[in-house]
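Worksheet: the structure to be examined is printed underneath.
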Amino acid sequence: MIILLSMAMLALSLANGVQGQAGSAVFTTEPVPDVEVISGHSPNIVATRGGNLTLPCRLHRTFGFNFGSTGMRVKWTKYNEDLSQESDVFVSMGFHKKAYGNFQGRTFLQEADDNDATLIVMNVGLEDYGKYKCEVIDGMDDTVVELTVELQDSKESLLLSSGVVYPYYPRLGRYNLNFHEAEKACLDQDSVVASFEQLYDAWQDGLDWCNAGWLNDGSVQYPITKPREPCGGKAGAGLRNYGVRDKTSSYFDAFCFSGPLTGRFYWLVQPDKLTFDEAVHACRNDSAEIAKVGHMFSAWKLQGYDRCDAGWLADGSVRYPISNPRKNCSPTEAAVRMVGFPDKKHKLYGVYCYKSQ
């Protein structure tokens, strides 16, 4: 079944610029010729965190329709990660309109004319990426359009060209994540699984890591700038490639990608060292949240954040960011240093917090 869909091209607008520490982007739309969408096919739409997103769903009918009609129903849903379930995003029936979950207050229908069921999502977050479905029902007629929203990669987006790629593994240790768990692990750290292009750029920038990690195309690779025997031999520097692996039964680390921060990352000054639970509460008492690993890497790489104090992060790890190498504080290179995953009850450290804007 072929459904005619009038697509809109998404373009980044830098009119709002960058304000303070928060990168921002605005999407504009331009009309383009109709394209044919095969049922079951998902056109990809590229979005940038912090910007606005336009999800086109333009309907062509033999007879026009009116959004004020009580018989017309427009329903937008979003699939979960494994595409097995859908959750409501926005429903419109006549004058009744409702957004659901974290889409409330930032989602509405464009309604440029009687044929327009385009959805606008403001202030795009990492949780907004994925596959969506637009369904319109009018009596005996119905139309379904599916769209996939992807993160803008570093070579296509000026705002994210200064993003940071970092290796990640959980408390369980290295090589404990299948692909789907890697996606969730990165998302939990305010990041997404990195693309090949992003890892390649990071390698050119000097990233050297001897543990293989997932990329968003399902391949497993790792970057080597200093060739050595335990890391693929001494043949030369480059990206070591394990190829595409089974996303369910293969287990590796992950390479995560985080863009510019949209809030403030900081060390919380406290009179005493803290347990993990105390660290969480200390940030909450400061109207913030305990920082995530992606927050620290972004602050270190993009803002030059430097502090030689080990502090708790949200995943239970303890790390500290060094931009100016010095004795006792990463003496040989700028890096985010990791102490490890200490006992949350007995090991005492400071804490890094993150305050959203």
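Quick notes on this structure:
- Modelled this way, with points 7 Å down the Cα-to-C-beta line, the labels at D82 and K345 are 3.3 nm from one another.
- Beyond 24 Å in Cα-Cα separation lie the following of the pairs K273/K344; K184/K247; K98/K184; K131/K184: K98/K184.
- Whole-Hz couplings from phi, Karplus 6.51/-1.76/1.60, listed for the range 244-254; x for Gly and Pro: 6, 10, 4, 6, 9, 9, 9, 10, 8, 7, 9
- Additional length obtainable on full extension of the chain from M122 to D208, 0.36 nm per residue less Cα span: 27.3 nm
- Taken about its Cα centre, the range 263-356 carries a charge dipole of roughly 180 debye when the Cβ of each Lys and Arg holds +1 and the Cβ of each Asp and Glu holds -1.
- For the range 315-357, backbone nitrogen atoms closer than 17 Å to the point 7 Å from R284 Cα along Cα-to-C-beta are found at 315-316, 345, 351-356.
- Counting every other Cβ atom within 10 Å of each residue's Cβ, K78, K133 order from fewest to most as K133, K78.
- Rounded, prolate or oblate (a/c below 1.5 giving rounded, otherwise prolate when a/b exceeds b/c) for the range 164-258 by Cα gyration tensor: prolate
- Spin-label proximity, F196 to the range 245-268 - amide N less than 14 Å from point 7 Å beyond Cα toward beta carbon: 245
- Residues whose amide H lies under 5 Å from that of V46, counting only those 5 or more places away or on a different chain, are E150; hydrogens are built 1.01 Å from N in the peptide plane.
- Rough spin-label spacing in nm, given labels placed 7 Å along Cα→Cβ, for D142 and K97: 2.4 nm
- The range 99-129-the range 296-357 distance, computed between alpha-carbon centres (Å): 37 Å
- Dipole-positive endmost among W300, Y352, P331 within the range 220-357 (Cβ charges, Cα centre): P331
- Taking each residue as 0.36 nm, the span from T248 to D277 lengthens on full extension beyond its C-alpha to C-alpha distance by 7.2 nm.
- FRET efficiency, 1/(1 + (r/R0)^6) with R0 45 Å, evaluated for N178 and W267 via beta carbons: 0.85
- Taking the charge dipole of the range 134-288 about its Cα centre, with +1 at Lys and Arg Cβ atoms and -1 at Asp and Glu Cβ atoms, the residue from V136, G243, G259 reaching farthest to the positive side is G243.
- Estimated distance in nm for a label pair at C231 and D217, the labels positioned 7 Å out from Cα along Cα-to-Cβ: 2.2 nm
Each value in this text was obtained by applying a stated rule to the coordinates, not by laboratory testing. Only a predicted model underlies this, so the values are computations on that prediction, with no experimental measurement involved. Because the Cβ atoms are built from the backbone with ideal geometry, glycine has one as well, and the counts that use them run over all protein chains shown.
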